[in-house]
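S.K.: Take a look at this one; I'll ask things after.
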Amino acid sequence: MGSFVYDDDGGAILWRFSLLDELGEGAAVKIRLLPSDLGSDEKLHFLTTFLIDDVLAIDAGSLGFAALEVQRGIQEIFLTHSHMDHLATLPIHCENRLVEERPSGLVVRGHAQALEVLDQNLFNDLLWPDFSRIHYAGEPLIAWSVLNDEEPVHVQGLTVTPVLVNHAIPTFGFIIDDTEGRVVISGDTGPTERIWDLCCEGKEPDIVFVECSFPNRLERLARESGHLTPALLREEIEKVPPASEIVAYHLKPAFHDEIVRELAALSRESLSVANSKEEKWIPCRKT
Ligand SMILES: [Zn+2]
Ligand SMILES: [Zn+2]
């Protein structure tokens, strides 16, 4: 089971598992939810980006706010969907990757509809340059790559499996595996089934990040918009093994404190709320 360790480097909280002490940090997969409050209140998330091992990003909501060296280390972005809170700073991130020496190309993976939305409506030379058509040393600065439902992608020693969830538009949650561990990121979703079935196949997830956007009194809005409340989250996490750590994220800032109180009232062991100072080390053994 994990324990919290506070770290002043970037204000991160390191969530270390006892197993990690045996393996050493190099043997773990590092997961970090980037801040997006820009200093006003670190527990609020206006935008969403997870970093995996500092080389993969899940979504690009706040990626463009990260330190330049952090952004330039990112090799691939996996988009859950095309809503703005998940890709708001992607254009800025693309620009931040440019360096005098050869800039590294960026692979952006997502649902075909999400990539089309980006290509047609954002990187269209009107709102932002079409980086997929700008080449440097023969390589495009962005390469779009379509993700198909339940087709795993092997990258950076990890296997990332997109699974469609229940949101207003086609949206993926992700199951991320290495040889030992498993982490699940739900994406924006209302009550759903398939990702919970799949994430329990073969091995149990170590950590499950579950969205929780609205307080209980707004359950109707949550259901209509494809989101969860604490009461709905409680039903979702019944579908994963009780030993899995549950981390609620994507709390709408306007309702943050109310949602946190309702989550605390669930009295669920191993349930925590993500804040922008968290960094988690999953007890995975890298190949
Ligand atoms: Zn959304
Ligand atoms: Zn969202």
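S.K.: Evaluate the range 92-106: report whether one residue or more is closer than 24 Å to Glu211 by Cβ, in contact with a Pro (Cβ under 9 Å, 6 or more places away or on another chain) and not polar (S, T, N, Q).
M.R.: No - not one qualifying residue is present in the range 92-106.
S.K.: Considering only the range 72-95, state which residues are surrounded by 14 or more Cβ atoms within 10 Å (Cβ to Cβ), part of a helix (DSSP H, G or I) and under 15 Å from the mean Cα position of the chain (by Cα).
M.R.: Asp85, His86, Leu90
S.K.: Next question, about the same structure. Quick one: what pairs do we get from the range 252-265, first residue assigned to a helix (DSSP H, G or I), second of a type in the set (D, E, K, R), C-beta under 7 Å, 6+ apart or different chains?
M.R.: Pairs found: His256/Lys43.
S.K.: Right, Val108: modelled with pLDDT of 95 or more and among the aliphatic types (A, V, I, L, M) or not?
M.R.: Yes; evaluated as a whole, the condition is true for this residue.
S.K.: Within the range 96-131, restricting attention to residues that are closer than 25 Å to Gly173 by Cα and of a type in the set (Gly, Ala, Ser), which residue is surrounded by the fewest Cβ atoms within 10 Å (Cβ to Cβ)? Show your work before the answer.
M.R.: Initially, the range 96-131 is screened for residues closer than 25 Å to Gly173 by Cα, giving 105-123.
With of a type in the set (Gly, Ala, Ser) added as a condition, the list becomes 105, 110, 112, 114.
Values: Gly105: 17, Gly110: 27, Ala112: 12, Ala114: 25.
Going through the qualifying residues, I end up with Ala112.
S.K.: In the range 217-245, which residues are crowded, with 19+ Cβ neighbours inside 10 Å, within 15 Å of ligand 2 (Cβ to nearest atom) and more than 19 Å from the chain's Cα centre (by Cα)?
M.R.: Ala222
S.K.: So, one more: May I ask you to list pairs of residues, at least six apart or on different chains, whose Cβ atoms are under 7 Å apart, with the first in the range 68-91 being in contact (Cβ under 8 Å) with a residue 12 or more places away in the chain and the second being among the acidic types (Asp, Glu) and surrounded by fewer than 20 Cβ atoms within 10 Å (Cβ to Cβ)?
M.R.: Filtered contacts from the range 68-91: Val70/Asp54; Gly73/Asp54.
The values are calculated or read from the model by the stated rules, or taken from the named source; none is laboratory data. All of these numbers come straight from a predicted model, not from anything done at the bench. Methodologically, a virtual Cβ is constructed for each residue, glycine included, from the backbone with ideal geometry; neighbour enumeration extends over all protein chains shown.
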